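One structure is given below, encoded as structure tokens.
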Amino acid sequence: MDEELHFQILKCFHLFKHCINPETSKIDILPGQNKVLQCLNAYGSLTPKDIGDYCKIDKSTTTSLINKMLKMGYIQKESSLNDKRSFVLHLTDLGNEKAKESLSICHEVNNKALSQLNDEERKTLFKLLNKVNESLEDEIHE
């Protein structure tokens, strides 16, 4: 199984969650909220569909995360300027603070994960992972 890509990716995902979630829970960020906070921090106001697309989460999970984050005061809902029937979400001041704290935690875990790789190996790893993701996205969209 060590030579299976899906196994190695799932293993990395599990290990990252194991390192990140306990730290983000200390600052009152629930599992799944971290990536939504970082997405809104990076891209600004987004629709729920855009958040789901960027974060690679399904519609029901996106809705659940958004509802919890609205109640926690991390995000706000606004009518869309383009279409009054839809809405966009953006970070509140508290959400911005949480996004920065969680980003710091993620950077620390990333640095630990990549600590045994030199700069060239890191570039190669990201280049290869991007190619793998592109191949899978092409497969999904066919």
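The values are calculated or read from the model by the stated rules, or taken from the named source; none is laboratory data. Bear in mind the structure is a predicted one, so any value in this text is a computation, not a measurement. Positions of Cβ are backbone-derived with ideal geometry, glycine not excepted, and every protein chain shown enters the neighbour counts. Just the protein is used for accessible areas: all its heavy atoms, side chains included, with ligands, DNA and RNA removed. Shrake-Rupley method; radii C 1.70, N 1.55, O 1.52, S 1.80 Å.
Largest GNM mean-square fluctuation among PHE87, PHE16, PHE126, using the chain with Cα springs under 10 Å: PHE126. Simple spin-label estimate for HIS107 and ASP83 gives 3.6 nm between the two label positions (7 Å along the Cα-to-Cβ direction from each Cα). Between the entries [x] 2, 11, 19, 22, 20, 14, 7, 3, 1, 0, 0; [y] 2, 9, 15, 19, 19, 15, 12, 7, 2, 1, 0; [z] 2, 10, 21, 26, 23, 14, 4, 0, the label attached to P(r) over Cα pairs in 5 Å bins from 0, in percent calculated for this structure is [y].
For SER115, what is the net charge nearby, where nearby means another residue's Cβ is under 14 Å from its Cβ and Lys, Arg count +1, Asp, Glu -1?
Working: positive: LYS112, ARG122; negative: GLU108, ASP119, GLU121.
Residues near SER115 contribute -1 overall.
Could you tally the net charge around SER80, taking each other residue with its Cβ under 12 Å from the Cβ of SER80, Lys/Arg +1 and Asp/Glu -1? Cβ neighbours under 12 Å give a net charge of +1.
Measuring with a 1.4 angstrom probe and ignoring ligands and nucleic acids, HIS14 comes out at about 110 Å² accessible.
Taking the C-alpha atoms only, the angle from helix 59-72 to the longest principal axis of the chain is near 60 degrees. Comparing ASP83, ASP50, ASP28 in a Gaussian network model of the chain, where Cα atoms under 10 Å apart are tied by springs, the biggest mean-square fluctuation is seen for ASP83. Against the criterion of solvent-accessible heavy-atom surface with a 1.4 angstrom probe, ILE9, ILE27 sort, most first, into ILE9, ILE27.
Taking every C-alpha pair closer than 8 Å and separated by at least 6 residues, the mean separation divided by the residue count of the chain gives a relative contact order of 22 percent.
Between GLU120 and MET72, what FRET efficiency comes out of the Förster formula 1/(1 + (r/R0)^6) with R0 = 35 Å and r the beta carbon distance, rounded to 0.05?
On the way: r = 42 Å, r/R0 = 1.19.
Between MET72 and GLU120 the formula returns 0.25.
Between their Cα atoms, which of LYS17/LYS131; LYS68/LYS123; LYS59/LYS127; LYS77/LYS131; LYS17/LYS71 are more than 27 Å away from each other?
Details: LYS17/LYS131 23 Å; LYS68/LYS123 36 Å; LYS59/LYS127 29 Å; LYS77/LYS131 35 Å; LYS17/LYS71 24 Å.
In this structure, LYS68/LYS123; LYS59/LYS127; LYS77/LYS131 lie more than 27 Å apart at Cα.
Could you work out how far the C-alpha centroid of region 16-35 sits from that of region 40-57, in angstrom? Centre-to-centre (Cα) distance: 18 Å. Using just its DSSP H runs of length 4 or more, each adding -39500 (n - 2.57), the chain gives a mean residue ellipticity at 222 nm of -23000 deg cm²/dmol after division by all residues.
Here the relative contact order of region 70-142, from alpha carbon pairs under 8 Å that lie six or more residues apart, stands at 19 percent.
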